[in-house]
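The values are calculated or read from the model by the stated rules, or taken from the named source; none is laboratory data. All figures in this text were calculated on a predicted structure; none of them were measured in a lab. We place every Cβ from the backbone using ideal geometry, glycine too, and count neighbours over all the protein chains shown. SASA here: full protein model, heavy atoms, side chains in, ligands and nucleic acids out. Shrake-Rupley method; radii C 1.70, N 1.55, O 1.52, S 1.80 Å.
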Amino acid sequence: MKGLMQDWPLVVPTIIDHARDAHGAREIVTRGIEGPIRRYTIADLHSRARRAAKGLTALGVKLGDRVATLAWNTDRHLEMWYGVMGIGAICHTVNPRLFPEQIAYIINHAEDDYIFTDTTFLPILEAIQDQLTTIKKFFVLTDAQNMPDAKLRNVVCYEDWIGQYDDDFQWADFDESTAAGLCYTSGTTGNPKGVLYSHRSNVIHTLLANSASAFGLTSLDSVLPVVPMFHANAWGLTFAVPSSGAKLVLPGMKMDGESLYELLEGEQVTVTAAVPTLWLALLEYLENNDKTLSSLKSVVIGGSACPQIMIEKFEQNYGVAVHHAWGMTETSPIGTVYKATPETEALEPGGRMKYKLKQGRAPYGVEMKIIDDKGTELPHDGVAFGHLMVRGATVAKGYFKGEGGKILDDEGWFDTGDVSTIDPLGFMQITDRSKDVIKSGGEWISTIDIENLTIAHPDVVEAAVIGREHPKWNERPLLIVVPKDGSAPTREEILAFLDGKIAKWWMPNDVVFIDEIPHTATGKIQKMTLREIFKDYQFPD
Ligand code: AMP
C-alpha cells in the first residue's frame, strides 16, 4: 500500500521561492569584484534570478543544456546559478584554479553553450577561447561602466543583458531527478571527472546541511562562505543559507586576512567556512594586528585536515567553536561534521580535543563503513583503519558521461579513496588518501597525523609526509617542511619535537626543507608532485 502524501518535487526553485516568501527582506552582501561592497535582499536575488532565467530562455537554453560559470562568490554568480537551475539547465561551476588546458577540457567535455565569468578570469578565457568548441557567447559579470575591453569573440556585458528582461517568468516544470549542477573533481591523476548533482540531491543536501547535526543555520545567523561556489557548491552553503533565512555574505575575490576580517566584523558574521590555509591567513592577521572577533560563533573547517593549533587558537584566543568537517565533491559535499555529544561534553578539554581533531560524525542521510583491502568490514573501534566507503541520497553514483566506469560496489557503496578509522561514538578520522598511505613493513603509517603535529612547531608553516623506498621496510616516511620566514629549524629539532607524540616506528627517517609545497586546485597538498620531486631521494641510513 502506498502512502497518501503529496509528491511535492524536491527541486532547487523551491529553495529560492521559500527564501523569498519566508525571508524576502534578509540581506545578501557582496564584495564586488569592482571593489565596493554591494547589498540587496533575497527578494532581489529571486527577482534577478528570474530575469536571468528569462534571458537564458531567450538565448534558447533549455532543459539539460549546460551553462558554465567561471566566477568568485558574488551576488551575480548566485543569480545565474539559480536562474540556470530554475529552467532545468545545468549550472557547471568551473574551478579557475585548474590549469588552462584542464579548464578547456572540462568546458568542452561538458559541452557548455555559454559561460558567465568575472573580469579577473578574462585572461584565462582569452588564452583558451580558440580551443573552446561549444561556447557561443561569453558573458562578463559586470556593468557597462566596469566592462573591460575583452579580447573575446561574442562577448556580452552581464548587466546590459539582464537589464533587457523583467522578472515576469515562471520556473520551468521538471522532475526532481533532473540534473541541476555539474562540478569536476580535480583528481590528481587523469582528466577531471564531472559530478552531476540532481535537484533532488541538492534539496536533500540542503535539509541535511541545515540539520543541527551539520551547520544548523537559522535566520539569526549571518554566514560567510569563503569556500568558493566552484568547490562543491560552496559546501552547499549557497543553498542552505537562503533556505534558512540567514544573512549571506559573499567575499568576491578577496580572501586575505584583512578583507575577511572586515566582512566578519562589518557584517557581524556568526558562521563561516573554508579550508585550513585560508584560516592561517586570518589568524595571522588577527595576531599581528591585535584584533578580536565580536560576532563569530563557529567556523567550519574542511577540505584538508584541520591542525590542532588552529582549533586551539580559534577557541582559546577568539572564543570561536571549530567544526571540523569532511566531504568531497562526490558527496555534495557534506560527509561528516564535528558536533559535540554527551560523551564528548563529559570529557576534560584535552580529551575533547581528540574528538575535535577527528573529522566528525555523519549526519542523518550519510552512511559510512570502513573495509580492508579484501573488502572485509572493519570494526568501529577507533583503531582499525581501512578504505572509507559512503552511501546516501547525496552521494554520486557515476561520473558525467560514464567517465571512470562503475564507481559503486554491488551494495551501492562509493569508495572515497580516503583511509580512515571510525570510533565507537561514530567519529570518523581520516588517516590518509589511500594512494598516499605509507606501508612500512606491512603496517600503515598515517601521514596526516605526522603533518598535523609538525605544523604545531612554531617555526613551521606547512608540512607533508611522503613514503620513500627503504631497503628493509619497503617504505619509510620522509617529512618535508616549509619553515616560517626568517627561521631555520633543523632536522634534529623537528624530530625532537615529534618524539613521544607518535609511535616510535612512525618517526620520519629524515626531514627535508623546501620553500613551497605544491597544492591542487582545491587546496590539497600535491603528494604526487612531491613524490616526483623526491623520486631520487635516498634515506641517509
Ligand atoms: P574535493 O572533492 O576536492 O573536495 O576533495 C575531497 C577530498 O578532500 C577527500 O576525499 C579527502 O581526501 C579530503 N578532505 C576533505 N575534508 C578533509 C578533512 N577534514 N580532513 C582531511 N582530508 C579531507
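Some values worked out for this structure:
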{"item": "Sole exception among (1) modelled with pLDDT of 95 or more; (2) not in a helix (DSSP H, G or I) for G303, by number", "result": "(1)"}
{"item": "Residue within segment 136-147 that is assigned to a helix (DSSP H, G or I) and either farther than 30 Å from P36 by Cα or among the β-branched types (V, I, T) (or both) present", "result": "no"}
{"item": "Residue within segment 428-444 that is β-branched (V, I, T), touching a Pro at 6+ places or on another chain (Cβ under 9 Å) and either more than 27 Å from I371 (Cβ to Cβ) or within 15 Å of the ligand (Cβ to nearest atom) (or both) present", "result": "no"}
{"item": "Among the residues listed as I422, I407, the single one being over 27 Å from L283 (Cβ atoms), in contact with a His (Cβ under 6 Å, 6 or more places away or on another chain) and within 16 Å of the ligand (Cβ to nearest atom)", "result": "I422"}
{"item": "Those residues of segment 510-541 which are open to solvent by 30 Å² or more (accessible area, probe 1.4 Å) and of a type in the set (V, I, T), in sequence order", "result": "I514, I525, T529, I533"}
{"item": "Which listed residue, of T329, T344, T336, is more than 16 Å from the ligand (Cβ to nearest atom) and in contact (Cβ under 8 Å) with a residue 24 or more places away in the chain", "result": "T344"}
{"item": "Looking only at segment 473-509, and only at residues there that are among the charged types (D, E, K, R), closer than 11 Å to D459 by Cα and modelled with pLDDT under 95, the one that is surrounded by the most Cβ atoms within 10 Å (Cβ to Cβ)", "result": "K484"}
{"item": "Boolean, S298 is closer than 16 Å to P225 by Cα, more than 10 Å from the ligand (Cβ to nearest atom) and modelled with pLDDT of 95 or more", "result": "yes"}
{"item": "Enumeration of residues in segment 252-275 that are buried (at least 22 other Cβ atoms within 10 Å of the Cβ), out of contact with any Ser or Thr (no Cβ under 7 Å at 6 or more places or on another chain) and either within 20 Å of T120 (Cα to Cα) or basic (K, R) (or both)", "result": "L260"}
{"item": "Matching residues, segment 521-537, being under 18 Å from V461 (Cβ atoms) and either over 32 Å from the mean Cα position of the chain (by Cα) or part of a loop (DSSP other than H, G, I, E, B) (or both)", "result": "G523, K524, Q526"}
{"item": "Conditions (1) within 14 Å of the ligand (Cβ to nearest atom); (2) surrounded by fewer than 16 Cβ atoms within 10 Å (Cβ to Cβ): number failed by D290", "result": "(1)"}
{"item": "Unmet criterion (only one of (1) surrounded by fewer than 16 Cβ atoms within 10 Å (Cβ to Cβ); (2) part of a loop (DSSP other than H, G, I, E, B)) for F169", "result": "(1)"}
{"item": "Test: residue in segment 311-324 that is closer than 21 Å to A212 by Cβ, under 16 Å from the mean Cα position of the chain (by Cα) and not β-branched (V, I, T)", "result": "yes"}
{"item": "Residue in segment 55-70 that is touching a Cys at 6+ places or on another chain (Cβ under 7 Å) and not hydroxyl-bearing (S, T, Y) present", "result": "yes"}
{"item": "Residue within segment 210-225 that is crowded, with 19+ Cβ neighbours inside 10 Å, at pLDDT 95 or above and touching a Phe, Trp or Tyr at 6+ places or on another chain (Cβ under 6 Å) present", "result": "no"}
{"item": "Residues being farther than 10 Å from G426 by Cα and over 26 Å from the mean Cα position of the chain (by Cα) - total across segment 357-382", "result": "8"}
{"item": "Matching entry among T117, T93, T134, T74 (being hydroxyl-bearing (S, T, Y) and open to solvent by 20 Å² or more (accessible area, probe 1.4 Å))", "result": "T134"}
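Matching residues to (1) assigned to a loop (DSSP other than H, G, I, E, B); (2) touching a strand residue (DSSP E or B) at 6+ places or on another chain (Cβ under 9 Å); (3) not assigned by TED's automatic domain parsing to the domain that holds G467:
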site: G350; (1), (2), (3): no, no, yes
site: T394; (1), (2), (3): yes, yes, yes
site: D410; (1), (2), (3): yes, no, yes
site: G417; (1), (2), (3): no, yes, yes
site: S420; (1), (2), (3): no, yes, yes
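Residues checked against (1) open to solvent by 50 Å² or more (accessible area, probe 1.4 Å); (2) touching a Lys or Arg at 6+ places or on another chain (Cβ under 8 Å); (3) assigned by TED's automatic domain parsing to the domain that holds L196; (4) at pLDDT 90 or above:
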residue	(1), (2), (3), (4)
K397	yes, no, no, yes
F400	no, yes, no, yes
G405	no, no, no, yes
M428	no, yes, no, yes
G442	yes, no, no, no
I450	no, no, no, yes
T454	no, no, no, yes
